[in-house]
Amino acid sequence: MDKLLVIDDEMDVRYAFRRLFDSPDIELRLVSSGEEGMRVLKEFHPNLIIMDIRMGGMSGLQTLQAIRQFDTKTPVILMTAYGATQTAIEAMKLGAYDFVLKPFDVPKLQKLIFEALKASRDMSKIVSFEADVATLDDELGMIGHSEGMQQVFKLIGQLASSDATVLVTGESGTGKELVAKAVYQNSPRAQRSFLAINCAAIPENLLESELFGHEKGSFTGANHTRIGKFEQCHQGTLFLDEIGDMSLPTQTKMLRVLQSGTFERLGSNKPVEVDVRVIAATNQALEQAVAEKRFREDLFYRLNVVRVQLPPLRERVDDIPLLVQYFLRKFSKLFQQSGKSINENALLALQRYEWPGNVRELENVIQRAFVVTKGETILLSDLPKEIVMRKLNALDAGLEQGGDQARVSMLSEGESPEEPANTTDINKLADAMFRWARKNTDQKLIPLVERELVKHALKETQGNQVKASSLLGITRATLRKRIEKFSIRQEINVD
Ligand SMILES: Nc1ncnc2c1ncn2[C@@H]1O[C@H](COP(=O)(O)OP(=O)(O)OP(=O)(O)O)[C@@H](O)[C@H]1O
Ligand SMILES: [Mg+2]
């Protein structure tokens, strides 16, 4: 639950907050002075503080300074009367998160509070790398036994002490944001702020002002001076998500701030100096964007000082059982229900799926399955069609090519009589073959495998077709057809 502390000496304002944030997800505490705020702060531990600048007794600025003596991170939003923005800018320099003008524009205020709460969560929820899912307490774990993920964890550890710019790349849903948070939390700036901005979610013409701020009157609608994220994040870490979507003019400003640590607010020519560590992420192939002149080459090299490349989930199938276990635990906690498990067929289907949406998609699938399953075990039928179909398709292909004797079942839960009891090894082989097929998309998996199997059987039986067909579980007639179809006769000395 989020905890909000409001400090304002006007009763009307406190009352307005009581009405606006009457939600079971938010615990609200209202106090009427800076002194009282300081006392409450120490036992309430809010995620966000909203405070008036002008108060009797300790002013907002004095209170902010006092807060920052022992708490360098909790976002503080200041409220100021229209026209007093200069004081508000002073407050930003003292480490305020942002300021709002009174009277409030309610939707804007709510949006700002929502953003600040997210920033607060980003800073306080620690990403853990526990290898044993069962001992993971926090819901923000980064899981992965695979070689690829172990490399990523190692790199995060190596980055910990540095202040270098980091570029995190990977397909959508592979965990780029988690990596950014983990780098921040393990860095020397962990006690300072971490702010995130999604370059793709902000209209192009507003992004520059969001990053660098603007002066009053610098463009239509710029009614007051605004501090950008770079200034807001002085001495902290700025996460620039989806940087591949940044326009070329904004890229130019970005390059400058990375190189010299200075920039100007829009509509001003006074340079502002900042000390910000940048972590950027993108799911675009930036090298290609550079080749197509959509992304500045010099900026790319400047960002690419350290690169963390996240492998797609389909290339780390080994991590799937572990991730499934982790998400099952997470949802059983979240929904306060007893734990659930998953049966082997359903897990296999998950391991064969392509996962275009990677870990996020897997998480959604498990959440949905957790909710729809009737029993304690998630079955194939609890999974979305596209995942089940993927498995069916693979089996259908087998039927088509496998000839008259091939019989395939295992399509529905618990009734797979033709499936031998010990299929684990075969399943592993199949997984390896699917991985291969994905890399070699021009090759046809079934005919290739079939041909190899027939060749092997003939070799092993020294060309004895009766024995070979029995080994393969097909009739002699089918074997003959296969020998012919694949022109095996010439290669192997058979009659
Ligand atoms: N290795 C992992 N272990 C556990 N959870 C993970 C892992 N990787 C990603 N997740 C979870 O998957 C979801 C997506 O992760 P995240 O937002 O970091 O991905 P992203 O690469 O930034 O995605 P996008 O490109 O869509 O922004 C989150 O809920 C995250 O907690
Ligand atoms: Mg992301």
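Every number in this text was worked out from the coordinates using simple rules, so none of it is lab data. Quick caveat, the model's predicted, so the values are computed rather than measured. With ideal geometry, Cβ positions are generated from the backbone for all residues, glycine too; neighbour counts draw on all protein chains shown.
For segment 339-353, in order, what is each residue's ³J(HN,Hα) by Karplus, 6.51 cos²θ - 1.76 cosθ + 1.60 with θ = phi - 60°, in whole Hz (x at glycine and Pro)?
Result, ordered by residue: x, 10, 10, 10, 8, 4, 4, 5, 5, 4, 4, 5, 6, 8, 6 Hz.
Please give the FRET efficiency for Arg18 paired with Glu287, using the beta carbon to beta carbon distance and R0 = 51 Å, rounded to the nearest 0.05.
That pair, Arg18 with Glu287, gives E of 0.45.
With +1 on each Lys and Arg Cβ and -1 on each Asp and Glu Cβ, and nothing else charged, work out how big the dipole of segment 1-147 is about its Cα centre, in Debye to the nearest 20.
Magnitude of the dipole: close to 580 debye.
What is the chain's relative contact order, in percent, from Cα pairs under 8 angstrom and six or more apart in sequence?
Worked out over the chain, it gives 10 percent.
Take every Cα-Cα distance within segment 147-310, group them into 10 Å bins from 0 onward, and report for each bin the whole-number percent of pairs it holds.
That works out to 11, 40, 36, 12, 2, 0, in percent per bin.
Just list whichever of Lys125/Lys216; Lys428/Lys455; Lys439/Lys467; Lys293/Lys439; Lys176/Lys340; Lys385/Lys485 have alpha carbons separated by over 25 Å in the model shown.
Listed pairs above 25 Å: Lys125/Lys216; Lys439/Lys467; Lys293/Lys439; Lys176/Lys340; Lys385/Lys485.
Got a sec? Charge dipole of the chain, +1 on Cβ for Lys and Arg, -1 for Asp and Glu; which of Ser162, Ala91, Thr72 is way out at the positive end?
Farthest towards the positive pole: Ser162.
Name the long-range amide H neighbours of Ala81: under 5 Å, sequence gap of 5 or more, or other chain; modelled H, no Pro or chain starts.
Lys102
Suppose every Lys and Arg Cβ carries +1 and every Asp and Glu Cβ carries -1, with no other charges. What dipole size does segment 211-359 come out with about its Cα centre, to the nearest 20 debye?
Computed about the Cα centre, the dipole is about 360 debye.
Mind listing the phi-derived Karplus ³J(HN,Hα) values for segment 328-335, rounded to whole Hz, using 6.51, -1.76 and 1.60 with θ = phi - 60°, and x for any glycine or proline?
Per residue, the Karplus-derived 3J(HN,Hα) values read 4, 5, 4, 6, 5, 5, 4, 8 Hz.
With charges set only on the Cβ (+1 for Lys and Arg, -1 for Asp and Glu), what does the dipole of the chain come to about its Cα centre, in debye to the nearest 20?
Dipole of the chain, to the nearest 20 debye: 660 debye.
Roughly how far apart, in whole Å, are the Cα centres of segment 445-487 and segment 253-318?
56 Å
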